[in-house]
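As C-alpha coordinates, the structure follows; a few thoughts come after it.
The values are calculated or read from the model by the stated rules, or taken from the named source; none is laboratory data. Model, not experiment: these values are computed from the prediction. Reconstructed Cβ throughout: ideal geometry from the backbone, glycine too, with neighbour counts over all protein chains shown. Quick note on the areas: whole protein, heavy atoms, side chains included, nothing else; ligands and nucleic acids left out. Shrake-Rupley method; radii C 1.70, N 1.55, O 1.52, S 1.80 Å.
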Amino acid sequence: MKEDLIAIETKFSAEIDGVDGLAALDDIRVAIFGKKGEMTAILRGMGGLSAEERPVVGQIANEVRAALEDKIKEKKSLLSKLEMDEKLSKEHLDITLPGIKREAGHRHPVAIVTEEICRIFMGMGYEIAEGPHVETEYHNFEALNIGKGHPARDEQDTFYVEGGKVLRTHTSPVQIRYMQNNKPPIAIVAPGKVFRSDEVDATHSPDFNQIEGLFVDKGIHMGHLKGALTVFAKSLFGDDIKTRFRPHHFPFTEPSAEVDFSCFGCGGSGCRICKGEGWIEMGGCGMVHPKVLAACGIDPDVYSGFAFGMGIDRIAMQRFNIPDLRLLFENDIQFLKQF
(Lines give C-alpha, C1' and ligand atoms only; values in the text may rest on other atoms or scores of the structure.)
Protein backbone atom coordinates (compact mmCIF):
# COMPACT_ATOMS: atom_id res chain seq x y z
CA MET A 1 0.00 0.00 0.00
CA LYS A 2 2.96 2.30 0.62
CA GLU A 3 4.12 1.72 -2.91
CA ASP A 4 0.60 2.43 -4.22
CA LEU A 5 0.50 5.76 -2.42
CA ILE A 6 3.89 6.78 -3.77
CA ALA A 7 2.81 5.73 -7.27
CA ILE A 8 -0.35 7.82 -6.99
CA GLU A 9 1.64 10.89 -5.96
CA THR A 10 4.13 10.44 -8.81
CA LYS A 11 1.46 9.80 -11.43
CA PHE A 12 -0.85 12.65 -10.56
CA SER A 13 1.92 15.16 -9.86
CA ALA A 14 3.01 14.73 -13.44
CA GLU A 15 -0.56 15.08 -14.71
CA ILE A 16 -1.09 18.25 -12.67
CA ASP A 17 2.12 19.76 -14.04
CA GLY A 18 1.02 19.06 -17.60
CA VAL A 19 -2.59 20.21 -17.39
CA ASP A 20 -3.46 23.41 -19.27
CA GLY A 21 -7.04 24.21 -18.26
CA LEU A 22 -9.17 24.61 -15.14
CA ALA A 23 -11.75 22.08 -16.33
CA ALA A 24 -9.05 19.43 -16.92
CA LEU A 25 -7.53 20.21 -13.52
CA ASP A 26 -10.88 19.60 -11.86
CA ASP A 27 -11.13 16.26 -13.65
CA ILE A 28 -7.78 15.27 -12.11
CA ARG A 29 -8.99 16.34 -8.68
CA VAL A 30 -12.03 14.10 -9.00
CA ALA A 31 -9.85 11.20 -10.23
CA ILE A 32 -7.79 11.51 -7.05
CA PHE A 33 -10.26 12.49 -4.32
CA GLY A 34 -13.71 11.75 -5.78
CA LYS A 35 -15.97 8.97 -4.52
CA LYS A 36 -14.36 6.59 -7.02
CA GLY A 37 -10.93 8.28 -6.88
CA GLU A 38 -7.69 6.34 -6.47
CA MET A 39 -6.78 8.04 -3.21
CA THR A 40 -10.24 7.39 -1.83
CA ALA A 41 -9.91 3.67 -2.69
CA ILE A 42 -6.57 3.44 -0.86
CA LEU A 43 -7.97 5.06 2.27
CA ARG A 44 -10.95 2.72 2.32
CA GLY A 45 -8.58 -0.27 2.20
CA MET A 46 -6.72 0.77 5.34
CA GLY A 47 -9.27 -1.06 7.43
CA GLY A 48 -7.63 -4.36 6.46
CA LEU A 49 -4.17 -3.37 7.76
CA SER A 50 -2.74 -4.57 11.01
CA ALA A 51 -2.58 -2.33 14.07
CA GLU A 52 1.16 -1.86 13.52
CA GLU A 53 0.88 -0.97 9.80
CA ARG A 54 -2.08 1.37 10.06
CA PRO A 55 -0.35 4.39 11.68
CA VAL A 56 2.63 4.18 9.32
CA VAL A 57 0.50 3.94 6.19
CA GLY A 58 -1.89 6.59 7.56
CA GLN A 59 0.98 9.06 7.96
CA ILE A 60 2.17 8.45 4.39
CA ALA A 61 -1.41 8.77 3.10
CA ASN A 62 -1.83 12.12 4.85
CA GLU A 63 1.45 13.39 3.41
CA VAL A 64 0.49 12.31 -0.12
CA ARG A 65 -2.98 13.86 0.24
CA ALA A 66 -1.56 17.16 1.50
CA ALA A 67 1.07 17.26 -1.24
CA LEU A 68 -1.47 16.65 -4.02
CA GLU A 69 -3.99 19.15 -2.58
CA ASP A 70 -1.29 21.86 -2.36
CA LYS A 71 -0.18 21.10 -5.90
CA ILE A 72 -3.77 21.34 -7.22
CA LYS A 73 -4.33 24.62 -5.35
CA GLU A 74 -1.10 26.11 -6.69
CA LYS A 75 -1.86 24.98 -10.25
CA LYS A 76 -5.41 26.36 -10.03
CA SER A 77 -4.11 29.77 -8.96
CA LEU A 78 -1.63 29.77 -11.86
CA LEU A 79 -4.22 28.72 -14.47
CA SER A 80 -6.73 31.30 -13.17
CA LYS A 81 -4.14 34.05 -13.55
CA LEU A 82 -3.21 32.90 -17.06
CA GLU A 83 -6.89 32.75 -18.04
CA MET A 84 -7.49 36.27 -16.75
CA ASP A 85 -4.38 37.62 -18.49
CA GLU A 86 -5.55 36.10 -21.78
CA LYS A 87 -9.02 37.54 -21.34
CA LEU A 88 -7.67 41.02 -20.58
CA SER A 89 -5.31 40.89 -23.56
CA LYS A 90 -8.27 40.33 -25.89
CA GLU A 91 -10.48 43.02 -24.35
CA HIS A 92 -10.15 46.72 -25.04
CA LEU A 93 -11.61 49.52 -22.95
CA ASP A 94 -11.58 53.07 -24.22
CA ILE A 95 -11.82 55.19 -21.10
CA THR A 96 -12.26 58.34 -23.22
CA LEU A 97 -15.70 57.25 -24.45
CA PRO A 98 -18.66 59.06 -22.83
CA GLY A 99 -20.74 57.05 -20.39
CA ILE A 100 -24.12 55.61 -21.26
CA LYS A 101 -26.77 57.61 -19.46
CA ARG A 102 -29.25 55.44 -17.60
CA GLU A 103 -32.84 56.56 -17.90
CA ALA A 104 -34.09 57.65 -14.50
CA GLY A 105 -37.51 56.73 -13.24
CA HIS A 106 -40.16 59.43 -13.16
CA ARG A 107 -43.51 60.13 -11.62
CA HIS A 108 -46.73 58.56 -12.79
CA PRO A 109 -49.37 61.02 -14.10
CA VAL A 110 -51.57 60.23 -11.10
CA ALA A 111 -48.68 61.06 -8.74
CA ILE A 112 -48.01 64.30 -10.62
CA VAL A 113 -51.65 65.37 -10.31
CA THR A 114 -51.84 64.32 -6.64
CA GLU A 115 -48.88 66.55 -5.84
CA GLU A 116 -50.39 69.46 -7.78
CA ILE A 117 -53.75 69.12 -6.01
CA CYS A 118 -52.11 68.94 -2.59
CA ARG A 119 -49.96 71.97 -3.40
CA ILE A 120 -53.03 74.00 -4.40
CA PHE A 121 -54.91 73.17 -1.22
CA MET A 122 -51.84 73.66 0.96
CA GLY A 123 -51.64 77.14 -0.55
CA MET A 124 -55.20 77.65 0.69
CA GLY A 125 -54.20 76.65 4.23
CA TYR A 126 -55.06 72.94 4.21
CA GLU A 127 -52.96 70.17 5.77
CA ILE A 128 -52.33 66.69 4.29
CA ALA A 129 -53.80 63.76 6.25
CA GLU A 130 -53.45 60.00 5.71
CA GLY A 131 -55.11 56.82 6.95
CA PRO A 132 -55.07 53.01 6.54
CA HIS A 133 -56.31 51.22 3.42
CA VAL A 134 -57.93 48.46 5.51
CA GLU A 135 -60.58 50.13 7.66
CA THR A 136 -63.06 49.18 10.36
CA GLU A 137 -66.71 49.21 9.35
CA TYR A 138 -67.24 51.87 11.99
CA HIS A 139 -64.82 54.37 10.44
CA ASN A 140 -65.80 53.52 6.86
CA PHE A 141 -69.58 53.50 7.41
CA GLU A 142 -71.16 54.07 10.79
CA ALA A 143 -69.24 57.20 11.81
CA LEU A 144 -70.22 58.62 8.41
CA ASN A 145 -73.93 58.09 9.11
CA ILE A 146 -74.10 55.00 6.85
CA GLY A 147 -76.22 52.55 8.80
CA LYS A 148 -76.05 48.76 8.63
CA GLY A 149 -78.95 48.57 6.16
CA HIS A 150 -77.51 51.11 3.72
CA PRO A 151 -77.03 49.73 0.17
CA ALA A 152 -73.46 51.11 0.03
CA ARG A 153 -72.51 48.38 2.52
CA ASP A 154 -73.65 45.62 0.19
CA GLU A 155 -70.92 43.20 -0.92
CA GLN A 156 -71.55 44.24 -4.53
CA ASP A 157 -69.97 47.61 -3.74
CA THR A 158 -67.58 46.84 -0.88
CA PHE A 159 -64.63 44.47 -0.55
CA TYR A 160 -64.84 42.76 2.85
CA VAL A 161 -61.77 41.20 4.47
CA GLU A 162 -61.21 38.99 7.49
CA GLY A 163 -61.73 40.34 10.98
CA GLY A 164 -64.86 42.35 10.17
CA LYS A 165 -62.88 44.96 8.22
CA VAL A 166 -63.18 46.38 4.70
CA LEU A 167 -60.99 47.87 2.02
CA ARG A 168 -61.90 51.52 2.37
CA THR A 169 -64.44 52.63 -0.23
CA HIS A 170 -63.47 56.31 0.12
CA THR A 171 -60.92 58.38 1.99
CA SER A 172 -63.63 59.85 4.22
CA PRO A 173 -62.52 57.62 7.15
CA VAL A 174 -59.38 59.78 7.26
CA GLN A 175 -61.64 62.75 8.06
CA ILE A 176 -63.29 60.79 10.88
CA ARG A 177 -59.96 59.81 12.41
CA TYR A 178 -58.67 63.38 12.13
CA MET A 179 -61.76 64.93 13.74
CA GLN A 180 -61.61 62.39 16.57
CA ASN A 181 -58.09 63.53 17.42
CA ASN A 182 -58.19 67.25 16.59
CA LYS A 183 -60.41 70.17 17.47
CA PRO A 184 -61.67 72.89 15.08
CA PRO A 185 -60.65 74.84 13.14
CA ILE A 186 -59.84 71.91 10.80
CA ALA A 187 -58.72 72.15 7.18
CA ILE A 188 -57.35 68.95 5.63
CA VAL A 189 -57.15 67.07 2.35
CA ALA A 190 -56.67 63.29 2.34
CA PRO A 191 -55.38 61.75 -0.92
CA GLY A 192 -55.17 57.98 -1.30
CA LYS A 193 -56.20 54.75 -2.95
CA VAL A 194 -59.75 53.42 -2.52
CA PHE A 195 -61.50 50.22 -3.57
CA ARG A 196 -64.98 49.47 -4.86
CA SER A 197 -66.51 46.50 -6.63
CA ASP A 198 -67.04 48.41 -9.85
CA GLU A 199 -66.83 47.73 -13.58
CA VAL A 200 -63.78 48.60 -15.69
CA ASP A 201 -64.36 51.05 -18.52
CA ALA A 202 -63.07 54.38 -19.85
CA THR A 203 -64.00 56.22 -16.62
CA HIS A 204 -64.36 53.49 -13.94
CA SER A 205 -62.07 51.07 -12.07
CA PRO A 206 -62.42 48.94 -8.89
CA ASP A 207 -59.07 50.30 -7.70
CA PHE A 208 -58.72 54.07 -8.03
CA ASN A 209 -57.41 57.20 -6.32
CA GLN A 210 -59.44 59.78 -4.49
CA ILE A 211 -58.88 62.96 -2.51
CA GLU A 212 -61.14 64.08 0.29
CA GLY A 213 -61.31 67.58 1.68
CA LEU A 214 -62.68 68.77 5.02
CA PHE A 215 -63.08 72.24 6.49
CA VAL A 216 -64.69 72.71 9.93
CA ASP A 217 -65.02 75.99 11.79
CA LYS A 218 -67.65 78.40 13.03
CA GLY A 219 -69.97 79.95 10.43
CA ILE A 220 -69.03 77.73 7.46
CA HIS A 221 -71.65 77.44 4.68
CA MET A 222 -72.17 76.18 1.10
CA GLY A 223 -70.75 79.39 -0.34
CA HIS A 224 -67.38 78.54 1.18
CA LEU A 225 -67.54 75.06 -0.36
CA LYS A 226 -68.38 76.32 -3.84
CA GLY A 227 -65.71 78.99 -3.63
CA ALA A 228 -63.01 76.53 -2.55
CA LEU A 229 -63.76 74.05 -5.37
CA THR A 230 -64.05 76.79 -7.99
CA VAL A 231 -60.67 78.25 -6.98
CA PHE A 232 -59.19 74.76 -7.05
CA ALA A 233 -60.56 73.99 -10.55
CA LYS A 234 -59.28 77.23 -12.03
CA SER A 235 -55.89 76.84 -10.34
CA LEU A 236 -55.46 73.36 -11.82
CA PHE A 237 -57.07 73.72 -15.26
CA GLY A 238 -57.07 77.43 -15.99
CA ASP A 239 -59.68 80.16 -16.02
CA ASP A 240 -61.66 78.58 -18.87
CA ILE A 241 -62.77 75.59 -16.79
CA LYS A 242 -66.40 75.62 -15.66
CA THR A 243 -67.86 73.98 -12.56
CA ARG A 244 -71.39 72.78 -11.98
CA PHE A 245 -73.04 71.77 -8.71
CA ARG A 246 -76.04 69.42 -8.82
CA PRO A 247 -78.25 68.57 -5.84
CA HIS A 248 -77.62 65.06 -4.59
CA HIS A 249 -77.78 62.91 -1.47
CA PHE A 250 -74.98 61.51 0.68
CA PRO A 251 -75.56 60.15 4.20
CA PHE A 252 -72.56 62.08 5.60
CA THR A 253 -73.45 65.54 4.20
CA GLU A 254 -76.59 67.68 4.33
CA PRO A 255 -77.23 69.44 2.01
CA SER A 256 -75.28 67.44 -0.59
CA ALA A 257 -74.21 68.03 -4.17
CA GLU A 258 -72.21 66.51 -6.98
CA VAL A 259 -69.60 68.68 -8.67
CA ASP A 260 -68.88 68.45 -12.40
CA PHE A 261 -66.11 70.02 -14.48
CA SER A 262 -66.63 70.91 -18.12
CA CYS A 263 -65.37 68.10 -20.40
CA PHE A 264 -61.75 68.37 -21.49
CA GLY A 265 -62.41 66.33 -24.60
CA CYS A 266 -65.06 68.49 -26.22
CA GLY A 267 -65.12 71.67 -24.15
CA GLY A 268 -68.78 71.04 -23.31
CA SER A 269 -70.26 70.19 -26.72
CA GLY A 270 -70.56 66.45 -25.98
CA CYS A 271 -68.29 63.49 -26.85
CA ARG A 272 -67.56 59.84 -26.03
CA ILE A 273 -65.59 60.74 -22.91
CA CYS A 274 -68.43 62.70 -21.30
CA LYS A 275 -71.05 60.44 -22.91
CA GLY A 276 -72.49 63.39 -24.81
CA GLU A 277 -73.24 65.49 -21.73
CA GLY A 278 -70.43 68.03 -21.96
CA TRP A 279 -69.60 67.53 -18.28
CA ILE A 280 -67.50 65.02 -16.31
CA GLU A 281 -68.48 64.16 -12.76
CA MET A 282 -65.57 64.84 -10.41
CA GLY A 283 -67.08 63.85 -7.08
CA GLY A 284 -69.46 64.60 -4.29
CA CYS A 285 -69.57 67.38 -1.74
CA GLY A 286 -71.77 69.05 0.82
CA MET A 287 -72.06 70.34 4.36
CA VAL A 288 -70.87 67.85 6.98
CA HIS A 289 -73.89 66.14 8.54
CA PRO A 290 -74.44 67.16 12.19
CA LYS A 291 -74.48 63.47 13.19
CA VAL A 292 -70.99 63.03 11.75
CA LEU A 293 -69.66 66.01 13.70
CA ALA A 294 -71.31 64.76 16.89
CA ALA A 295 -69.88 61.25 16.41
CA CYS A 296 -66.41 62.81 16.35
CA GLY A 297 -66.96 64.85 19.51
CA ILE A 298 -67.56 68.20 17.75
CA ASP A 299 -70.62 70.22 18.79
CA PRO A 300 -72.76 70.74 15.63
CA ASP A 301 -74.56 73.66 17.32
CA VAL A 302 -71.28 75.54 17.47
CA TYR A 303 -69.37 74.33 14.44
CA SER A 304 -70.22 73.55 10.84
CA GLY A 305 -68.12 72.39 7.95
CA PHE A 306 -67.99 71.25 4.36
CA ALA A 307 -66.48 68.13 2.80
CA PHE A 308 -65.76 67.00 -0.74
CA GLY A 309 -64.36 63.95 -2.46
CA MET A 310 -62.96 63.80 -6.00
CA GLY A 311 -61.43 61.12 -8.20
CA ILE A 312 -57.76 61.90 -8.79
CA ASP A 313 -57.65 59.59 -11.82
CA ARG A 314 -60.40 61.54 -13.57
CA ILE A 315 -58.65 64.78 -12.75
CA ALA A 316 -55.44 63.35 -14.25
CA MET A 317 -57.42 62.43 -17.39
CA GLN A 318 -58.64 66.00 -17.71
CA ARG A 319 -55.28 67.51 -16.76
CA PHE A 320 -53.35 65.57 -19.45
CA ASN A 321 -56.17 65.04 -21.96
CA ILE A 322 -56.14 61.24 -21.45
CA PRO A 323 -59.20 59.68 -23.13
CA ASP A 324 -59.35 56.37 -21.22
CA LEU A 325 -58.90 55.67 -17.50
CA ARG A 326 -57.46 52.22 -18.23
CA LEU A 327 -54.32 53.79 -19.69
CA LEU A 328 -53.38 54.90 -16.18
CA PHE A 329 -52.94 51.38 -14.83
CA GLU A 330 -52.00 49.27 -17.88
CA ASN A 331 -48.27 50.10 -17.38
CA ASP A 332 -47.69 50.80 -21.06
CA ILE A 333 -44.16 52.22 -21.13
CA GLN A 334 -44.77 54.11 -24.38
CA PHE A 335 -47.73 55.86 -22.76
CA LEU A 336 -46.00 56.58 -19.44
CA LYS A 337 -42.87 58.02 -21.11
CA GLN A 338 -44.94 61.01 -22.19
CA PHE A 339 -44.99 62.24 -18.62
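What to note about this one:
- Contact order relative to length of the chain, as percent, for alpha carbon pairs under 8 angstrom and 6 or more apart: 15
- Here is the short version for the chain: Cys118, Cys285, Cys296 have no other Cys C-beta closer than 4.7 Å.
- Choice from Leu97, Leu79, Leu293 with maximal GNM fluctuation in the chain (Cα, 10 Å cutoff): Leu79
- Normalised by the number of residues in region 1-81, the mean separation of alpha-carbon contacts (under 8 Å, six or more apart) gives a relative contact order of 44 percent.
- Rounded to the nearest 10 degrees, the angle from helix 109-123 to the longest Cα principal axis of the chain is 50 degrees.
- Report summary: the helix-based calculation at 222 nm, which adds -39500 (n - 2.57) for every DSSP H run with n ≥ 4 and divides by the residues of the chain, gives -13000 deg cm²/dmol.
- Label-point gap, in nm, between Ala67 and Lys291 - each point 7 angstrom along Cα→Cβ: 9.7
- Sites matching GluC sites (Glu not before Pro) across region 1-85 that sit in DSSP coil, with at most 16 neighbouring C-beta atoms within 10 Å: Glu52
- Relative contact order (%) - region 265-339, alpha-carbon pairs under 8 angstrom, separation at least six: 24
- Taking the inverse of the mean reciprocal distance over all distinct Cα pairs, the Kirkwood hydrodynamic radius of region 9-118 comes to 19.2 Å.
- GNM flexibility winner over the chain from Gly267, Gly34, Gly149 (Cα, springs under 10 Å): Gly34
- Set of aspartates and glutamates with alpha-carbon distance to Lys75 below 19 Å, sequence-local pairs under 8 removed: Glu9, Glu15, Asp17, Asp20, Asp26, Asp27, Glu63, Glu83, Asp85, Glu86
- Straight Cα distances below 28 angstrom link Lys218 to the lysines Lys183, Lys226, Lys234, Lys291, with same-chain residues fewer than 8 positions distant left out.
- Net charge of neighbours whose Cβ lies under 13 Å from the Cβ of Glu9, counting Lys and Arg as +1 and Asp and Glu as -1: -4
- Across the chain, the convex hull enclosing all Cα atoms gives 296 Å³ per residue.
- Accessible surface of region 93-153, 1.4 Å probe, proportion on carbon and sulfur as whole %: 59
- For region 28-111: accessible area per residue (Å², 1.4 Å): 79
- Taking amide H as placed 1.01 Å from N in the peptide plane, the amide H of Gly286 sits under 5 Å from that of Ala257, Ala307, each at least 5 places away or on another chain.
- Mean-position separation - Cα centroids, region 159-209 and region 139-158, in angstrom: 12
- Of all lysines in the structure, the ones whose alpha carbon falls short of 24 Å from that of Lys76, not counting any fewer than 8 places away in one chain, are Lys11, Lys35, Lys36, Lys87, Lys90.
- In this view, the solvent-accessible surface of Lys76, computed with a 1.4 Å probe and all protein chains in place, comes to about 120 Å².
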